[in-house]
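Colleague: Okay, here's the structure, questions in a sec.
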Amino acid sequence: MQNTAETGPDAPLDVTPLLDDPHAAYAALREAGPVHRITGADGSPAWLVTRYDDVRSALADPRLSLDKRHAGPGGYRGFALPPALDANLLNMDPPDHTRVRRLVVKAFTPGRVETLRAPVRRVADELLDAMAGRGRADLIADYAGPLPITVICDLLGIPQRDRRDFLAWSDALITPDPSRPEAMKHAIGAMLEFYTGLIAAKRAEPGDDLLSDLIAVRDDEPGDEGGDRLTEDELTSLAFLILFAGYENTVHLIGNAVLGLLDHPELLRQLQHNPAELPPAVEEFLRFDSPGPLAIRRFPREDLEIGGVRIPAGDSVLLSIASANRDPARFPAPDVLDRGRDLSGHLAMGHGIHYCLGAPLARMEAVTAIEALLARFPGLRLDVPRSELRHRRSLRSRGLISLPVAW
């Protein structure tokens with residue numbers, strides 16, 4: 001692949017290699033140059049930033065806005081979500097971002113998350129119990145998928161009967177079928193109807209759950225701290241974001257981590273005997289194969305330079321977390337899975353004011369899920385040739401379609 005940063009918007013980069021073999025493709029791009037012109041998954045042009053220092057700086061640069069109102073004409077098409085699902089933290093700058101984040105951050109503090117560890121382990125053990133007698137399973141469908149959806153649904157207070165529908169809608173949004181555009185449209189409409197009805201039900205009968213707490217914040221009279229409260233669209237969209245992001249990223253984190261262990265059996269055995277070493281190992285799994293390869297798109301408020309490349313105001317900018325986390329200028333021997341390396345600066349959970357709100361919960365779920373799995377099935381192994389495994393073909397998420405295992 002060639003560096004197209006200097007050749008202008010009429011010569012966009014072919015992103016097919018990023019779908020087929022992303023780590024090799026990003027390595028070639030980093031070597032060729034810091035910034036490249038591409039055509040994004042939505043068909044619109046974008047600038048792709050690949051090197052660690054540039055990505056880290058851009059993540060915290062207030063000149064790069066998440067608000068789509070700063071997008072230039074014709075420069076961004078993106079997800080066609082209704083306002084009630086789109087008014088969330090992924091599309092906000094301060095002061096709205098600061099206000100909304102402050103209202104929900106208490107649900108995801110390390111202390112609050114620690115109270116969920118025992119319930120998460122209980123869910124993990126129940127899923128493993130259901131798998132144990134079969135001697136084999138698809139670890140994505142039978143374990144990595146059901147675990148986070150159960151945890152997030154319990155946190156929000158979503159009834160058991162509604163969870164299967166949510167999984168189908170999420171799959172339609174995460175991996176849309178180009179031949180069936182009506183499926184995504186249906187999923188969006190069904191999600192909006194679901195959340196609207198759920199919020200109405202929680203208003204009528206509040207429970208001991210996060211969504212009931214958020215409804216109380218929305219409906220209560222403004223207090224003394226500047227009158228912070230949520231709009232109705234922000235409430236609905238926040239529930240959508242917590243459930244959608246909390247499910248997708250954690251599924252991929254667990255699946256990618258377990259595959260990393262199966263590819264490195266010596267490390268797998270070490271962690272079976274020393275589960276206390278799992279937390280730093282999970283940080284290396286996050287760096288090595290980030291479930292979110294790209295940060296949410298950004299739009300310059302003004303003309304600016306990244307890596308010496310001029311980017312006009314309003315253009316779409318994509319910051320490659322996956323590429324930055326394998327930049328040899330920051331991580332020596334980046335293609336080696338090494339749990340002993342210095343991981344203090346990896347960017348898998350972001351950087352700056354938009355650092356992932358659910359990072360403590362995702363980390364705890366991954367550590368708990370892997371610990372329970374390794375303890376239950378010490379002879380865990382792949383049940384198909386390694387060459388048969390397939391990842392979802394997506395620029396925005398990095399996860400396995402299935403992970404057949406046996407023990």
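The values are calculated or read from the model by the stated rules, or taken from the named source; none is laboratory data. What you see is a predicted model; the values in this text were computed from it and never measured. Backbone-built Cβ (ideal geometry, glycine too); neighbour counts: all protein chains shown.
Rundown of residues vs (1) closer than 14 Å to Ala27 by Cβ; (2) among the small types (Gly, Ala, Ser); (3) at pLDDT 95 or above, yes/no style:
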| position | (1), (2), (3) |
| --- | --- |
| Glu283 | no, no, yes |
| Leu286 | no, no, yes |
| Phe299 | no, no, yes |
| Leu304 | no, no, yes |
| Gly307 | no, yes, yes |
| Ile311 | no, no, yes |
| Ile321 | no, no, yes |
| Ala329 | yes, yes, yes |
| Leu347 | no, no, yes |
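Colleague: While we're here: Taking region 213-242 as the search range and keeping residues that are in a helix (DSSP H, G or I) and over 17 Å from Arg101 (Cβ atoms), which one is modelled with the lowest pLDDT? Please lay out each step first, then the result.
Modeller: Start the filter on region 213-242 by keeping residues that are in a helix (DSSP H, G or I), which leaves 213-219, 232-242.
When the remaining residues are screened for being over 17 Å from Arg101 (Cβ atoms), the result is 215-216, 219, 232.
On the way: Ile215: 91, Ala216: 88, Asp219: 84, Glu232: 92.
It comes out as Asp219.
Colleague: For region 292-314, give me each residue that is of a type in the set (Asp, Glu) and out of contact with any Lys or Arg (no Cβ under 8 Å at 6 or more places or on another chain). Give the derivation first.
Modeller: Filtering region 292-314 for residues of a type in the set (Asp, Glu) gives 302-303, 305.
Within region 292-314, just Glu305 meets the criteria.
Colleague: Something else: Which numbered condition in (1) in contact with a Pro (Cβ under 6 Å, 6 or more places away or on another chain); (2) farther than 30 Å from Arg112 by Cα; (3) surrounded by fewer than 20 Cβ atoms within 10 Å (Cβ to Cβ) is the only one that Gly379 fails?
Modeller: So the condition that Gly379 fails would be (1).
Colleague: Taking Arg69 as the residue in question, decide whether it is under 23 Å from Ile353 (Cα atoms), modelled with pLDDT under 95 and assigned to a helix (DSSP H, G or I).
Modeller: Details: under 23 Å from Ile353 (Cα atoms): yes; modelled with pLDDT under 95: yes; assigned to a helix (DSSP H, G or I): yes.
So Arg69 fits the description; yes.
Quick grid of which residues meet (1) of a type in the set (Val, Ile, Thr); (2) touching a Leu at 6+ places or on another chain (Cβ under 7 Å):
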position: Arg134; (1), (2): no, no
position: Ile174; (1), (2): yes, no
position: Ala183; (1), (2): no, no
position: Leu214; (1), (2): no, yes
position: Arg218; (1), (2): no, yes
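Colleague: Among (1) hydroxyl-bearing (Ser, Thr, Tyr); (2) in a helix (DSSP H, G or I); (3) surrounded by fewer than 22 Cβ atoms within 10 Å (Cβ to Cβ), which single condition is Ser344 missing?
Modeller: It fails just one condition, (2).
Colleague: Collect the residues in region 97-118 that are of a type outside the set (Ser, Thr, Tyr) and loosely packed, with under 13 Cβ neighbours inside 10 Å, keeping them in residue-number order.
Modeller: Of the residues in region 97-118, the ones of a type outside the set (Ser, Thr, Tyr) are 97, 99-108, 110-114, 116-118.
Within region 97-118, Arg102, Val105, Lys106, Pro110, Gly111, Glu114, Ala118 meet the criteria.
Colleague: Can you name every one of the helices (runs of 4 or more DSSP H) wholly within region 1-59 that holds 1 or more residues which are at pLDDT 95 or above and under 21 Å from the mean Cα position of the chain (by Cα)?
Modeller: Details: elements: 16-20, 22-32, 52-59.
By residue number, 22-32, 52-59.
Colleague: Do we have any residue at all in region 172-188 that's surrounded by fewer than 16 Cβ atoms within 10 Å (Cβ to Cβ), under 24 Å from Ala369 (Cα atoms) and out of contact with any Ser or Thr (no Cβ under 9 Å at 6 or more places or on another chain)?
Modeller: No, region 172-188 has no match at all.
Colleague: Further question: If Leu156 meets every condition in (1) among the hydrophobic types (A, V, I, L, M, F, W, C); (2) within 28 Å of Phe377 (Cα to Cα); (3) crowded, with 16+ Cβ neighbours inside 10 Å apart from one, which number is that one?
Modeller: (2)
Colleague: Right, next: When Ile370 is evaluated against the numbered criteria (1) farther than 23 Å from Arg117 by Cα; (2) over 18 Å from the mean Cα position of the chain (by Cα), which criterion, by number, is the only one it fails?
Modeller: (1)
Colleague: Taking Asp315 and the conditions (1) assigned to a loop (DSSP other than H, G, I, E, B); (2) out of contact with any strand residue (DSSP E or B) (no Cβ under 8 Å at 6 or more places or on another chain), which numbered condition does it fall short on, given that it satisfies the others?
Modeller: (2)
Colleague: Yes or no: region 99-112 includes at least one residue that is farther than 29 Å from Lys68 by Cα, in contact (Cβ under 8 Å) with a residue 24 or more places away in the chain and not charged (D, E, K, R).
Modeller: Yes, region 99-112 contains a residue that is farther than 29 Å from Lys68 by Cα, in contact (Cβ under 8 Å) with a residue 24 or more places away in the chain and not charged (D, E, K, R).
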